[in-house]
There are 2 protein chains.
Amino acid sequence: MQAGGKPRIGVIGTGAIGGFYGVMLARAGYDVHFLLRSEFAAVAEAGLRVDSAVHGALTLQPAQAYRSAADMPPCDWLLVGAKTTSNADLAPAIIQAAADGAKVLLLQNGLDVEEELRPLLPDSLHLLGGLCLICVNRLGPGVIAHQALGAINIGYHSGPGTDQAARMAIVEEGAGLFRAAGLDSQAMPDLGQARWQKLVWNVPYNGLSVLLGASTTPLMADDHSRGLIQALMAEVVRGAQACGHEIAPGYAEYLFTMTGKMPDYWPSMYHDYSQRRPLELEAIYARPLARARAAGCELPKIEALYQALAFIDRRKH
Amino acid sequence: MQAGGKPRIGVIGTGAIGGFYGVMLARAGYDVHFLLRSEFAAVAEAGLRVDSAVHGALTLQPAQAYRSAADMPPCDWLLVGAKTTSNADLAPAIIQAAADGAKVLLLQNGLDVEEELRPLLPDSLHLLGGLCLICVNRLGPGVIAHQALGAINIGYHSGPGTDQAARMAIVEEGAGLFRAAGLDSQAMPDLGQARWQKLVWNVPYNGLSVLLGASTTPLMADDHSRGLIQALMAEVVRGAQACGHEIAPGYAEYLFTMTGKMPDYWPSMYHDYSQRRPLELEAIYARPLARARAAGCELPKIEALYQALAFIDRRKH
């Protein structure tokens, strides 16, 4: 805990997501520490910059940048912004940077992303998930473009918070951090619900951006892709229901309409694809399909999309 | 009818399919006449050539080539090898080249391709459909690569053949032409059956070649694309059944296995795509989906594939 009672925040994996939220929190007066690897030198020298269409040009200079988690002060909240494909590798850094009873918040999409990390963390750490509704991408070392939105929905996964009231108090504390930074943030009573809800967006737009080589504006301008997006969203809602997570009526329609009004956006999976990084197909497609199937629910269009993406992903390496 | 009682054959649309079958029939001793447009000069001068991995290098020189159907002698059989997207435009040429009571055989994939042409033809002409299981593509003006296969299944659509026996006699006559040219040919009692059966191949391989930018060998080498192909095939079989056409048990599996053993092949839709021609989405996807839906049968993976292809097709123009 830093002076003044404000929690100290560490960002593990300072990409577009971790960088954006870290900069916003630092500007709100929080003591934020950034762990970097390849971009350490650039950020240590020039700090972090967010070119935001909403908030203007934001600079954090100097940024408290670290090459090794061993050098970081103990952090009360750790924001993990790395890809789901590398969660297991991050456990040692998270443990080194964590204060006693720290809260580890995975800012990642997809289902069950906490499952891989949990067994590698001590029981004393709280593990939470945060679903970010945001259009943001990395422009270069330490430089992030923020196009729109920024809301973050948080749910509790596991840890010392044994009853629901204690867990919700921690989730509310997390949501309070982001609200203090001027961002919309909801405490979600059910992390699974929050994750399925976010999949309503990720399943259609991430996959189709790769499969069709198209950003949101052309995808929202054609009747056939609009129909496909809506059908995929409807399957996510059905899958969520089958798994016991009711998605609010009208929520898919809300995301669909909102996306039509957003500035043109290339989802993160497209950037992963074009930069030849592995696609997050396990978290966003394979696990939801497996969960739904275990609940007796087939999601054929999502499965077809997943099979096509898996072919593409394997072929490009 | 030419001397010796052999029917005279006209080829309308001398692309890869029309060219291949026309050359094979001419080499079997039939009097074959070829209507060409942009390739007329090249074929009139150099004839037609089929580079066949099965039959060797076949040359037809001179080829009886015509720039206008008005110049063709009356033909007893007309083979139409053009794209389904241009059937209506071909009616005047077909009528000009047709002998009394001629048989018009559409060598085209997809469903209901005869429907557009039928009202434009006189009642005295027989209309038939032929489904070609063949790996063939155009290399240049009058030059065709034949990689494998060549079987053709023929069914009667409409015309003066009023009872089933009369229709089947005509279909058998057509199959006999191709058999005389050394090709496997089946007379199908039900053209709809034949068309659905061929869709078991066309629906997965044509569409996925465009969507995934992949020919048959890589598509058959990856577990995910194999699973997707099999799922699409199973949906075609279900759609056929819903429409009253039983596909023989094991037929999809046979096509799947056969494709894995074929030389690497780019389906015709990929060539259409790469040469920026319209894709045959109506005949191969939209009509089967509409027919199945009218019979109360949803084919969600085919629909997703169709929606993705329609986006791609519209976008490239």
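Here's the picture: charge each Lys and Arg Cβ at +1 and each Asp and Glu Cβ at -1 in chain A, and of A:LEU289, A:ALA46, A:TYR21 the one pushed furthest to the positive end of that dipole is A:ALA46.
All Cα-Cα distances of the range A:1-110, cut into 10 Å bins from zero to the largest, leave 15, 50, 31, 4 percent in each bin in turn. Of the beta bridges in chain B, as assigned by DSSP with both residues counted there, near 40 percent are antiparallel.
Please check chain B for the longest run free of GluC sites (Glu not before Pro) that are loop-located per DSSP (anything but H, G, I, E, B) and have at most 15 other Cβ atoms within 10 Å. Present the calculation step by step, with values, prior to reporting the outcome.
Working: sites that count: B:GLU246, B:GLU298.
Maximal segment without exposed cleavage sites: B:1-245.
The range B:143-258: percent of C-alpha pairs farther apart than 19 Å? So the pairs more than 19 Å apart make up 56 percent of the total in the range B:143-258. If R0 is 35 Å, the Cβ-Cβ spacing of B:HIS55 and B:LYS316 corresponds to a FRET efficiency of close to 0.50. A Gaussian network model of chain B, with springs between Cα atoms under 10 Å, assigns the largest mean-square fluctuation among B:GLN197, B:GLN275, B:GLN164 to B:GLN275. Counting only DSSP beta bridges with both residues in the range B:1-146, the antiparallel share comes to about 25 percent. Considering only DSSP beta bridges where both residues belong to the protein assembly as shown, give the percentage that are antiparallel (nearest 5). Percent antiparallel among DSSP bridges in the protein assembly as shown is about 40. Rounded to 0.05, the FRET efficiency of the B:ALA42 and B:ASP100 pair, given R0 = 22 Å and the Cβ-Cβ distance, is 0.10. Taking the charge dipole of the protein assembly as shown about its Cα centre, with +1 at Lys and Arg Cβ atoms and -1 at Asp and Glu Cβ atoms, the residue from A:VAL113, B:LEU139, B:ALA240 reaching farthest to the positive side is B:LEU139. Between A:ARG67 and B:ALA28, the modelled labels are 7.7 nm apart [label points 7 Å from Cα along Cα→Cβ].
The phi-based Karplus calculation (6.51 cos²θ - 1.76 cosθ + 1.60; θ = phi - 60°) puts the 3J(HN,Hα) values of the range A:170-181 at 5, 4, 5, 4, x, 4, x, 4, 6, 5, 5, 8 Hz, whole numbers, x for Gly and Pro.
Residues of the range A:207-247 that bury at least 20 Å² of accessible area once all protein chains are present, compared with their chain alone (1.4 Å probe, heavy atoms only, ligands and nucleic acids left out), are A:LEU211, A:LEU212, A:PRO218, A:ASP222, A:HIS224, A:LEU228. Around the amide H of A:LEU78, modelled in the peptide plane, lie the amide H atoms of A:GLY10, A:LYS103, A:VAL104, A:LEU105, all under 5 Å away and 5 or more residues distant in sequence or on another chain. Helical runs assigned H by DSSP (4 residues or longer) give chain A a calculated mean residue ellipticity at 222 nm of -13500 deg cm²/dmol, each run adding -39500 (n - 2.57) before division by the residue total.
If Lys and Arg each add +1 and Asp and Glu each add -1, what is the summed charge of the other residues whose beta carbon sits under 12 Å from the beta carbon of B:GLY150?
Combined, the nearby Lys, Arg, Asp and Glu give 0.
Label-point spacing for A:ALA70 across the identical copies (point 7 Å from Cα in the Cβ direction), in nm and ascending order: 9.1.
In the structure shown, do any of B:LYS6/B:LYS103; A:LYS301/B:LYS198; B:LYS83/B:LYS198 have a Cα-Cα gap over 18 Å, and if so which? Walk me through the numbers on the way to the answer.
On the way: B:LYS6/B:LYS103 14 Å; A:LYS301/B:LYS198 23 Å; B:LYS83/B:LYS198 16 Å.
Pairs exceeding the cut-off: A:LYS301/B:LYS198.
Hey, got the dipole for the range B:96-181? About the Cα centre, +1 on K and R Cβ, -1 on D and E Cβ, debye to the nearest 20? Please list the in-between numbers first.
Working: 5 positive and 9 negative charges, 77 e Å.
Roughly 380 debye for the range B:96-181.
Annotation: per residue accessible area for the protein assembly as shown equals 37 Å², rounded to a whole number [probe 1.4 Å, protein chains only].
Using a cutoff of 8 angstrom between alpha carbon atoms and counting only pairs six or more residues apart, the relative contact order for the range B:144-194 works out to 49 percent. For the Cα atoms of chain A, what angle does the longest principal axis make with the long axis of helix A:251-261, in degrees from 0 to 90, nearest 10? That works out to roughly 80 degrees.
Evaluate the Kirkwood expression for the hydrodynamic radius of the protein assembly as shown, namely the inverse of the mean inverse distance over all pairs of different C-alpha atoms, and round to one decimal in Å. One decimal place: 27.7 Å for the Kirkwood radius.
About the centre of its Cα atoms, chain A shows a dipole size close to 500 debye [charges on the beta carbon of Lys, Arg (+1) and Asp, Glu (-1) only; nearest 20 debye].
Can you give me the angle between helix A:87-97 and the longest principal axis of chain A, using Cα atoms only, in degrees from 0 to 90, rounded to the nearest 10? Around 20 degrees separate the two axes. Between B:PRO288, B:PRO249, B:PRO62, the residue with the greatest mean-square fluctuation in the GNM of chain B (Cα pairs under 10 Å linked by springs) is B:PRO249. Across the range B:272-288, rounded Karplus estimates of 3J(HN,Hα) from the backbone phi angles (6.51 cos²θ - 1.76 cosθ + 1.60, θ = phi - 60°) give 4, 5, 6, 9, 6, 8, x, 7, 7, 6, 4, 5, 8, 10, 5, 5, x Hz, Gly and Pro being marked x. For chain A, find the longest principal axis of its Cα atoms and tell me its angle to the long axis of helix A:16-27, 0 to 90°, nearest 10. Tilt relative to chain A: about 40 degrees.
Using a 1.4 angstrom probe on protein heavy atoms only, the contact between A and B buries about 2200 square angstrom of accessible area, both sides summed.
So which trypsin sites (Lys or Arg not before Pro) in the range A:196-291 end up in coil per DSSP with only 14 or fewer other C-beta atoms within 10 Å?
Values: sites: A:LYS198, A:ARG226, A:ARG238, A:LYS261, A:ARG276, A:ARG291; in loops: A:ARG276.
Passing both the DSSP loop test and the Cβ count: A:ARG276.
Around the amide H of B:SER185, modelled in the peptide plane, lie the amide H atoms of B:ILE152, all under 5 Å away and 5 or more residues distant in sequence or on another chain. With label points set 7 Å from Cα along Cα→Cβ, the inter-copy distances at A:GLY213 are 0.6 nm, sorted shortest first. The Cα center of the range B:198-250 and the Cα center of the range A:33-106 differ in position by 47 Å. Summing Cβ point charges (Lys, Arg +1; Asp, Glu -1) relative to the Cα centre of the range A:150-271 gives a dipole of roughly 100 debye. Of B:ALA304, B:ALA234, B:ALA16, the residue with the greatest mean-square motion in the GNM of chain B, using alpha carbon springs below 10 Å, is B:ALA304.
With label points defined 7 Å past Cα in the direction of Cβ, position A:GLY29 shows copy-to-copy spacings of 10.1 nm, given to one decimal and shortest first.
Computing FRET efficiency as 1/(1 + (r/R0)^6) for B:ARG276 and A:ASP223, where r is the C-beta to C-beta distance and R0 is 30 Å, gives about 0.90.
The values are calculated or read from the model by the stated rules, or taken from the named source; none is laboratory data. The model shown is predicted, which means the values in this text are computed figures rather than measured ones. Positions of Cβ are backbone-derived with ideal geometry, glycine not excepted, and every protein chain shown enters the neighbour counts. The protein model used for the area step is the full one, side chains on, heavy atoms only, and it has no ligands, DNA or RNA in it. Shrake-Rupley method; radii C 1.70, N 1.55, O 1.52, S 1.80 Å.
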